[in-house]
Amino acid sequence: MEQEARELLRKRLDECLRAHADALNSNDIGSIYNIQQLVEVHLYLKTEHEFTAAEVEALLAFKDPLDVARWCWEENTHKHSFPICELLKEIHADDRFEPAERTSPLNEKYVELVKLLGRNLNDYKAKLLNLDKEALIDRAAEIAAATAAYGFIAEGYVPKMEEVDFLLRFDNPLQVIQDYWPSGELIGGEDMIQTMMDDLYYPPETRDERENAPKSIREKLQTAAREVQDRPASETARHDTGAR
């Protein structure tokens, strides 16, 4: 639970820095100095600071934890430490900064899913410790799929209620996602989720309708690329006009 909260805070810090960078006014010197300070604090928090559980919880209570941490940094009088909780009280952060928005039911379930996947991954890694080197090499692709699947859901996935609810039905949703994780480059995480849902969630009678639905440009390109890849060499050669 504690580790998942730290990961959530790191993700929030990244999002806040991107938001400030997007809002940067290059004609305003003060705005440039501000983003420079935020970058410095962000780098320190991500690479050096050892968060306590209380600090994580305290920063997550604010809408912009990075900006709050920056003000703690500015007001810090401790030479050899950065006691965030103590500094939050000293700068009266609760009165000065906007609290975090109340999460939606979808976000709450998504956080629950990421936490469950984190536990699944930790259990999976613990089992791997019992294997010898040769067995680990044989399962390299499987291990890579588990790690990549967790990373996608935790960082690159745009959650949908239907999909999150479905995955939360399982005690080990990581195994479900891992089994569908693509080995090729033509299919990404979003397509993997869609394939999984088509196979396991949607009833058979609705699949024909979904398959016959108009395809997106991306799906058409992927289909065309697969067809070219699968086309016999002799057939491909016939398209060569011999022009030089």
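Structure above, values below:
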quantity: Heavy-atom accessible area per residue - the stretch 103-172, 1.4 Å, Å²; calculated: 61
quantity: Reachable lysines from residue 11, criterion Cα separation under 18 angstrom, eight or more residues apart if same chain; calculated: 46, 63, 109, 115
quantity: Protection proxy ranking, peptides 71-81, 6-16, average beta carbon neighbours within 10 Å, highest first; calculated: 6-16, 71-81
quantity: Whole-percent carbon and sulfur share, accessible surface of the stretch 40-162, 1.4 Å; calculated: 53
quantity: Under-5 Å amide H pairs with residue 62, H placed in peptide plane, nonlocal only; calculated: 100
quantity: For the stretch 35-98, accessible area per residue (1.4 Å probe, heavy atoms of protein chains only), Å²; calculated: 59
quantity: Cα gyration tensor shape for the stretch 81-166, rounded if a/c is under 1.5, else prolate or oblate; calculated: oblate
quantity: Distance between the stretch 69-95 and the stretch 139-195 - C-alpha centres, whole angstrom; calculated: 39
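The values are calculated or read from the model by the stated rules, or taken from the named source; none is laboratory data. Note that the coordinates shown come from a computational prediction; the quantities given were computed from them, not determined experimentally. Neighbour counts run over all protein chains shown; Cβ positions are idealised from the backbone, glycine included. Accessible surface is based on the protein model in full, side chains and every heavy atom, while ligands, DNA and RNA are left aside. Shrake-Rupley method; radii C 1.70, N 1.55, O 1.52, S 1.80 Å.
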